[in-house]
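Have a look at the structure below before the remarks.
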């Protein structure tokens, strides 16, 4: 039943043969869970070519003020675009074609009946090919990401390029594995004494239908491609609706996907870009359409909860959370505060994994066995942040810029909350972009009884220091916050094995991954494809996880067919 | 973090070693999907012992009129019981201990923190041991099932005993596989040029919490144990709330589970029986309790839809459906109508897989190339049913008895629907039970335009014959009914390969498994553990499937822990 389109397609068969080793290697990596990456994160000329960066920048600049015409979806119903650069605080002037919901759905529906009949191996191969093509545009995507999200160049390159492509490959591999986990057919023979009953059986993973993937403004490809490729590999046509302020990076991705689809004889509408016209938002209209069966979403909790409540849909969300840091005992306090200062400063706290609530006992933190007072710990943390942001060689490249003016406003209005300022924000200059929207991290002290203050996500470079009675109270509060308000990451510092076990147990129950005792070049914010599950689904910060089996199996249903075997 | 309780328990380690081969074999069977059974379905004395049947009957009779005191949950808050035999139309007089929702939840909560720390392999071994113990009570459970559900002896034995135990083993195996699918720990080493980042990582499947399993009146163990064992193997404590008319079969199961738990030093409250007191139903109270995280349900659609709509719960349902038979072309019409008559008569149509809507073209059915008129086909089907029910050696043993008086009433009131009676119900005698509630199958003709008649489940021995224009209309209507009202099974008869492909494609999209051209000793009603997925989750008849990976992975969340490796 499946494969009717593609098995006769020799070019596709060749592609499948060529990419099967990558898919097999990626499946293996999923189960080893040690380091694996198909796309190098190092933007070095030795890897990507001498002129890759300047070519990418030039390609990015060519888009400015122009219509984006690379998409293979014909007869646009209009053109719209609202992007602006957080580095230049100016409009990009790029416009994209938009279509009515009915047009998008009708095209997706037609594409569904082609795509669902392609075999899992061939779908996976086509999708791997799209990543290979996107690879040639990593630098262009990096500059597009900088000027939509405000990320610094290195993060823009890594997160939107190789890391996103690795996450996409992870979804392809995980989907391929689930789709091929049971035999396509089998002879079932039941001994009945003198004779046996014999049935030929076939099992088919039937995709659910049209998939809507809703992007966010801060990670326009990294947070979008896992759901997009997960739906595609399982046979569902995808409509990607990016955040109106972060379209270009994912538009380039989609353009490459469409080109590969067309090249292999498929309808490009298997993967469409949906755009909000300038005067209205179409996400609800799309989400509520009865033909949309799958929804992937990254963004605020209010809209995420609304989506999760829609009936008749399978919904995958990543929403807001309040990520804790637990400070109990350390070997080297300077290394710890440097690590934490970096985590807080990186992309100005605009990562979903950035820490927010720093729980520190009022009795202080044990440092190599000696108790260091609470005030000293807080002061050292503040100094580490100040030192990092004021270092001209590091500060601007770690901070990046602020994507949304509301985030800057939130930082400025922090004083209205219950608590005390420990470190104010300051204005620093970005030497390359004099008009960049910048806002350095602030530290704000909150009493452990003022839960209403630290139970909300304060998106941006805002760290709350919560003075607790002891580490047990820190753990209790961190767990309660995660269970009731969500958490995507947790950093814990303790040299006490019993406390470590308690933290694993209690934060585990709250569905929150924990990084212990991080110092040096690895940070609580970072989650690696093929090893770290990103968002567990175990607390209100989201119901999905990149890329665990659940992220795949809910996108299709197993259906069996059987018939007596010829005797 | 896990295994702290059990690794020190030598007796448990021995048990684990003893049962690991069964678990490994069952995992293998899951992936082969050819015939596999751990528990023989043949109730022969050669297998189960010369006196097994009479001992089982005696044990069953000892329960009558008594308190059921085998459960290891102390201090009952009262005793209640409402069961009555469909064969004798008399109360069984058995009472069971009941507890308030708060008592049940408090005990389950305490048990959770013990059970979740046991390793997957040891949990699986304990659960396999419970099945081995239940095996010794298959005959007792069979008689208990007869006198609560009205099933005939053979079905009571097979469905509630070996088939249920095989489904339970399937859930244990599938859960064990998912829980052990990723490494417990791994060293993650990322090359960074001159040095490498090295993290020790641990991944833990964290169970979601208290699991409520809601049983139905017709299959008190077969439909209950998959969810019960799926939750248990994944580390969740279970509260089983059987239908008040079908308690004894599953109470025996639970008693054996509790005895094994206690024997190995565990709190029996890991698996509790919840009972409705005689004056009220407690299911909603339990389902809505915030501590209940998982719900498994078999029963009517109204209550199932209510459960699916509860927020903050993971819900697995099997609800009502309208199962189609598509008649297009056959080799031997007599064999086909005999097969269909059996499917319809088996347990008087009270199986969730029983066919209801028989779509037959008005132009007739091709039989070995010759067109046989519609009227003849219908007449032969009616004659086959009459022949079967009037055969004293077969009829009573296939029909069984009617579980619920409302089902009998539904059959009698069928004449009020739009349509025409083709075969009336008749009263036949069961030689062993003169007072049995019996009702033979009826055939009722409905026009294809009267969708309101055949779009509802008419539970019981009721078959609607829907006269269609042709097989394409039959397929279209069957698909529409399945998509909008649900279907758990579909039987199709065609010798035309193109039509067969069309049926697979269209019913596949409706998430409905199809059995083609069944004749002889295999029926559309039967779904085998380790091979047939039961309910796909792909249409409104239910959102769960025994036992696909989704049935397991939604019961726990993966949580990762990481820490820099010592250099």
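With respect to the conditions (1) part of a helix (DSSP H, G or I); (2) crowded, with 17+ Cβ neighbours inside 10 Å, residue B:113 lacks only one, and its number is (2). With respect to the conditions (1) loosely packed, with under 13 Cβ neighbours inside 10 Å; (2) farther than 15 Å from residue B:120 by Cβ; (3) at pLDDT 95 or above, residue B:53 falls short on a single one, namely (1).
Kindly indicate whether residue A:204 is more than 21 Å from residue A:69 (Cα to Cα) and touching a helix residue (DSSP H, G or I) at 6+ places or on another chain (Cβ under 9 Å). Break it down stepwise before answering.
On the way: more than 21 Å from residue A:69 (Cα to Cα): yes; touching a helix residue (DSSP H, G or I) at 6+ places or on another chain (Cβ under 9 Å): yes.
Yes.
Could you say which residue among B:157, B:182, B:153, B:219 is in the same structural domain as residue B:84 (by TED's automatic domain parsing), over 25 Å from residue B:60 (Cβ atoms) and modelled with pLDDT of 95 or more? Checking each option against the conditions leaves just B:182. Could you tell me which of the residues A:211, A:217, A:231 is outside any helix (DSSP H, G or I), buried (at least 24 other Cβ atoms within 10 Å of the Cβ) and more than 14 Å from every other protein chain (Cβ to nearest Cβ)? None of the others qualify; the one that does is A:211.
Do the conditions hold for residue A:475, that is, is it more than 11 Å from chain B (Cβ to nearest Cβ) and outside any helix (DSSP H, G or I)?
no
Among the residues making up region A:35-64, those that are assigned to a loop (DSSP other than H, G, I, E, B) and in contact (Cβ under 8 Å) with a residue 24 or more places away in the chain are A:35, A:36, A:37, A:38, A:39, A:40, A:41, A:43, A:64.
If I filter region A:82-94 for residues that are under 15 Å from residue A:274 (Cα atoms), modelled with pLDDT of 95 or more, in contact with a strand residue (DSSP E or B) (Cβ under 6 Å, 6 or more places away or on another chain) and more than 14 Å from chain B (Cβ to nearest Cβ), do I get at least one hit? Within region A:82-94, none of the residues are under 15 Å from residue A:274 (Cα atoms), modelled with pLDDT of 95 or more, in contact with a strand residue (DSSP E or B) (Cβ under 6 Å, 6 or more places away or on another chain) and more than 14 Å from chain B (Cβ to nearest Cβ).
The number of residues in region B:156-196 that are assigned to a helix (DSSP H, G or I) and either touching a helix residue (DSSP H, G or I) at 6+ places or on another chain (Cβ under 6 Å) or within 14 Å of chain A (Cβ to nearest Cβ) (or both) comes to 23. The residue that is surrounded by the most Cβ atoms within 10 Å (Cβ to Cβ), among those in region A:294-322 that are closer than 21 Å to residue A:404 by Cα and without any contact (Cβ under 8 Å) to a residue 40 or more places away in the chain, is A:303. The residues of region B:529-567 that are touching a residue at least 12 places away in the same chain (Cβ under 8 Å), over 28 Å from residue A:545 (Cα atoms) and either within 7 Å of chain A (Cβ to nearest Cβ) or surrounded by fewer than 23 Cβ atoms within 10 Å (Cβ to Cβ) (or both), listed by number, are B:531, B:532, B:567.
Taking the stated definitions as given, is residue A:386 closer than 26 Å to residue A:146 by Cα and either outside any helix (DSSP H, G or I) or touching a helix residue (DSSP H, G or I) at 6+ places or on another chain (Cβ under 8 Å) (or both)? Judged against the criteria, residue A:386 is not a match. Residue B:520 satisfies every condition listed in (1) surrounded by fewer than 21 Cβ atoms within 10 Å (Cβ to Cβ); (2) at pLDDT 95 or above; (3) under 25 Å from the mean Cα position of the chain (by Cα) except (2).
Looking at region B:501-510, is at least one residue closer than 25 Å to residue B:180 by Cβ and more than 9 Å from every other protein chain (Cβ to nearest Cβ)?
no
Looking at B:286, B:261, just one residue is in contact with a helix residue (DSSP H, G or I) (Cβ under 6 Å, 6 or more places away or on another chain), in a helix (DSSP H, G or I) and within 16 Å of residue B:106 (Cα to Cα), and that residue is B:286.
A residue that is within 30 Å of residue A:521 (Cβ to Cβ) and at pLDDT below 95 cannot be found anywhere in region B:206-213.
Going by what's in this entry, would residue B:206 be described as in a strand (DSSP E or B) and facing another protein chain (nearest Cβ under 9 Å)?
When the stated conditions are applied, residue B:206 passes them.
Taking the listed residues B:19, B:31, the one that is touching a helix residue (DSSP H, G or I) at 6+ places or on another chain (Cβ under 7 Å) and either outside the structural domain of residue B:116 (by TED's automatic domain parsing) or surrounded by 12 or more Cβ atoms within 10 Å (Cβ to Cβ) (or both) is B:19, with no other qualifying.
Looking across region B:270-293 at every residue that is out of contact with any strand residue (DSSP E or B) (no Cβ under 9 Å at 6 or more places or on another chain) and at pLDDT 95 or above, the one that is surrounded by the most Cβ atoms within 10 Å (Cβ to Cβ) is identified as B:285. Which residue, of B:73, B:69, is touching a residue at least 40 places away in the same chain (Cβ under 8 Å), in contact with a strand residue (DSSP E or B) (Cβ under 9 Å, 6 or more places away or on another chain) and within 22 Å of residue B:254 (Cα to Cα)? Just a single option satisfies the conditions, and that option is B:73.
Are any of the residues in region A:453-467 assigned to a helix (DSSP H, G or I), within 11 Å of chain B (Cβ to nearest Cβ), crowded, with 19+ Cβ neighbours inside 10 Å and at pLDDT 95 or above? Scanning region A:453-467 turns up no residue that is assigned to a helix (DSSP H, G or I), within 11 Å of chain B (Cβ to nearest Cβ), crowded, with 19+ Cβ neighbours inside 10 Å and at pLDDT 95 or above.
The values are calculated or read from the model by the stated rules, or taken from the named source; none is laboratory data. Predicted, not measured: the structure shown is a model, and the values here were computed from it. Here Cβ is always computed from backbone atoms with ideal geometry, including for glycine, and neighbour counts include all displayed protein chains.
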